[in-house]
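Just so it is clear, none of the values below were taken in a lab; they were calculated from the coordinates. Just so you know, these numbers come straight off a predicted model, no measurement behind them. Note: ideal-geometry Cβ built from the backbone for every residue, glycine included; neighbour counts use all protein chains shown.
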Amino acid sequence: MKGSVDPLDLGSWFNATLYCYGSSMGKLTFSYLRDFYLCALGTSHSEYRRQKSLDTAPAVLAQNVNVGFHTQDQGNQNRFGHIPRECIKFHSTYYFDEQYASSRLYKIEPAVDGVLVHAKVMLARYGEKGSKGWVYLGSHNFTPGAWGYANLGQRMKLRYLNNFEFGVVLPDVSFESWFGRDSVRWN
């Protein structure tokens, strides 16, 4: 993906913001979010430091990752009862773990009240006002088991993968604001 970015946009590419959503949430630490972010950009720690001359500390880069999820109240107010709510998984023991990156969680606001979103979506936005980016749609929940753990030394390689998933990345999309909401214009 990084290879398809206009060289003039490469600086803003390295300032991209990720918006992630899945219907199951894993144990997300700042280190995991940092490594996930660098993998999503298609870069290693050393390349990122060369490009940005910035710290690649976990808490610093994890600020570029926003993880949307339903609140417990939303699950309880689901108009279809307990069965759909059982598909939305989040272990409270993860949330209360001191290593958990709870500051990166955001409440999902479905377009229809009382309905839980079961989609697996990721957006990467960069450029002026986040107007450029890519969209991922697929079966991956936002868990280390689905995405794996990376080893981001000199050579990026997957260190751990628990299962296989399928997804599609739509590169080179433009984001526009229509009717007070962000929309994707397919290029």
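Here the Karplus curve 6.51 cos²θ - 1.76 cosθ + 1.60, taken at θ = phi - 60°, turns the phi angles of the range 123-131 into couplings of 10, 10, 10, 8, x, 4, 6, x, 7 Hz, with x standing for Gly and Pro.
Distance between the 7 Å Cα→Cβ label points at L137 and T17: 2.3 nm.
Put simply, the amide H of T29, placed in the peptide plane, has neighbours under 5 Å in A101, leaving out anything fewer than 5 places away on its chain. Using 0.36 nm per residue and subtracting the Cα-Cα separation, the extra length available between F164 and H45 on full extension is 40.3 nm.
Whole-Hz Karplus values for the range 19-36 come out as 10, 10, 8, x, 8, 9, 10, x, 7, 9, 9, 4, 5, 4, 5, 4, 5, 4 Hz, taken residue by residue from phi with 6.51 cos²θ - 1.76 cosθ + 1.60 and θ = phi - 60°; glycine and proline positions read x. Placing a pseudo-label 7 Å from each Cα along the Cα-to-Cβ vector at D113 and H91 gives an inter-label distance of 3.5 nm.
Amide hydrogen proximity for S131: with H placed 1.01 Å from N in the peptide plane, the residues at 5 or more positions away or on another chain lying under 5 Å are Y126. Across the range 109-121, rounded Karplus estimates of 3J(HN,Hα) from the backbone phi angles (6.51 cos²θ - 1.76 cosθ + 1.60, θ = phi - 60°) give 10, x, 5, 10, 5, x, 10, 9, 8, 10, 6, 10, 9 Hz, Gly and Pro being marked x. Stretching E128 away from S174 to a fully extended chain increases their span by 15.5 nm, per 0.36 nm per residue minus the current alpha-carbon distance.
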